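One structure below.
The values are calculated or read from the model by the stated rules, or taken from the named source; none is laboratory data. Every value quoted in this text rests on a predicted model; they were computed, and no experiment measured them. Cβ: placed from backbone, ideal geometry, glycine included. Neighbour counts: every protein chain shown.
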Amino acid sequence: MSKLMFSQSSLVIIKLLWSKLSKFLTMIFRPFIQPRFNKQFLFVPNFILAHTSTCPASKPKCGASAGKGGTTSIKKIDFKRAEKSAPCRFGFIPEEWFQFFHSKTGVTGPYIFGLVFVNYLVSKEIYVLEHEYYSGLSYVVILYFISKKMAPGIGASLDKEVDAEIAEWEKGRADQMKVFETTIKDAKDAQWRAEGQKILIEAKKENVAMQLEAVYRERAMRLYQMVKGRLDYHVKKRRTENKLHQKWMIAWILENVHKSITADFQKQALNQAIKDLALAASRVK
Amino acid sequence: MMTNLFSIFDPSTNLMNLPMNWISTILGLLFIPYSFWLIPNRHFIMWNFISKKLHNEFKTLLKNNYFNGSTFIFISLFFFIFFNNFLGLFPYIFTSTSHLTMSLSLSMPLWLSFMLYGWINNTNHMFIHMIPQGTPYILMPFMVIIETISNIIRPGTLAVRLTANMIAGHLLMTLLSSTGTNMSFYMIMILIFMQIMLMIMESAVAIIQSYVITILSTLYYSEVN
């Protein structure tokens, strides 16, 4: 019981000390260390784990690249998928080892080195020629024959499968491209049709404008005729009134004249008229 | 120089008294292909081909007991034992499956788990399956005894079959090759030829033994349910 309590309290003390220590260390090593989580217990040394180009710790932080326009620089994967295995001689010695020797010893260098090394191992009995060696010899012969006779066939059939897989992916890609191309073509078609629609609408607009014009003119004509009719009415009325006035005036004048002609006057006028007529008759003769 | 014919099976590669030869057990892990790229390479396709074939085989055997993923353990068992057997044929690589500790550690837990599951959960079913259909009534007690004994020795047979095959093969190879130390050059050619034959047979045995052990484990599993 007391042991348990002791271990618990020691755990608490250890945790406290560790938190203090980690805070201190974080403060000191902040330029070198990338804190991984919000907890202050875990920190990861930047120079150890950020060595790979794809490690997120080696990406610039958001604030640092604000001046560049806000885009973080993500490195692309430089290497490609290896379609063939690396070149090698004798099936298991890589070609680069021969290049390593080439500048100093030329072409025969690595072979001589191999020979001498094997000679050293065998003659000094560092490599003992015992039962493993002889079974190894037979195995080398087996492997040689397999690699020469059967391996090309197996390799070719496996390559066919790889090519089939590639073809499948390419086919999917090509189909998708075709779909996109048809979509583009259809979209262009639709755009062309839409332009035709514009022309159609222009024609319709003209049509409608013409109709409006015609109706306007018809109404203007009607308006003119109505106004003219009213004005004609007034004119006719005035003329009629004038005629009536004239007629009445003449009648009144005549009436008054008839009234003003006395019997005396009438006699005189008639005598005068006879005289005038006699005179005229005498002149004519 | 061999002190003893069986000294190839002694763990003797030491590093501060720790036997390092058992590391050859996990050598098969290096042969598992990567799936880094979208497009598979030959190695990956080969691996997938074998896995699929095995999967179909086991699925057929499991019949009604099959559920998604029940073949994984058997496929991984196959590859594990296969790599251990096959790589042990190469010189200087220790064959870990030639030790009964290894084979028994594989077969005993499998068998024990199947039996415990079967007997505790499906007791009647297990009792029924002890006697094949159509046996005469007189033979039934004897059948029970025989079936019980055969059931009990199953982990032993699984382990010992594997171990014995591996030991026999390696022993023959070692015996044959150890005569090569004191031979003339022309005799060595004949020796190599005979060893090639033996090697081919041993490779076949390696594959077959791993297949057999896996198939039998599948069968034992399918019997239980």
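Here are the numbers for the structure shown:
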| item | result |
| --- | --- |
| Residue within segment B:202-219 that is within 30 Å of A:Leu129 (Cα to Cα) and free of Cβ contacts under 8 Å to residues at least 40 places away in the same chain present | yes |
| Count of residues meeting criterion [in a loop (DSSP other than H, G, I, E, B) and surrounded by 11 or more Cβ atoms within 10 Å (Cβ to Cβ)] in segment B:107-151 | 4 |
| Some residue of segment B:158-167 being within 14 Å of chain A (Cβ to nearest Cβ) and more than 19 Å from B:Leu110 (Cβ to Cβ) | no |
| Where B:Leu38 falls short, out of the listed (1) part of a helix (DSSP H, G or I); (2) at pLDDT 85 or above; (3) within 13 Å of chain A (Cβ to nearest Cβ) | (1) |
| Among the residues listed as B:Met143, B:Met166, the single one being under 30 Å from A:Tyr133 (Cβ atoms) and out of contact with any Phe, Trp or Tyr (no Cβ under 7 Å at 6 or more places or on another chain) | B:Met166 |
| In segment A:134-146, residue farthest from the chain's Cα centre (by Cα) [restricted to those that are of a type in the set (Phe, Trp, Tyr) and within 7 Å of chain B (Cβ to nearest Cβ)] | A:Tyr134 |
| Which listed residue, of B:Leu89, B:Leu104, B:Leu54, B:Leu100, is within 30 Å of B:Met199 (Cβ to Cβ), hydrophobic (A, V, I, L, M, F, W, C), within 14 Å of chain A (Cβ to nearest Cβ) and surrounded by 14 or more Cβ atoms within 10 Å (Cβ to Cβ) | B:Leu89 |
| Qualifying position, being crowded, with 17+ Cβ neighbours inside 10 Å, modelled with pLDDT under 90 and within 14 Å of chain A (Cβ to nearest Cβ), among B:Thr179, B:Thr174 | B:Thr174 |
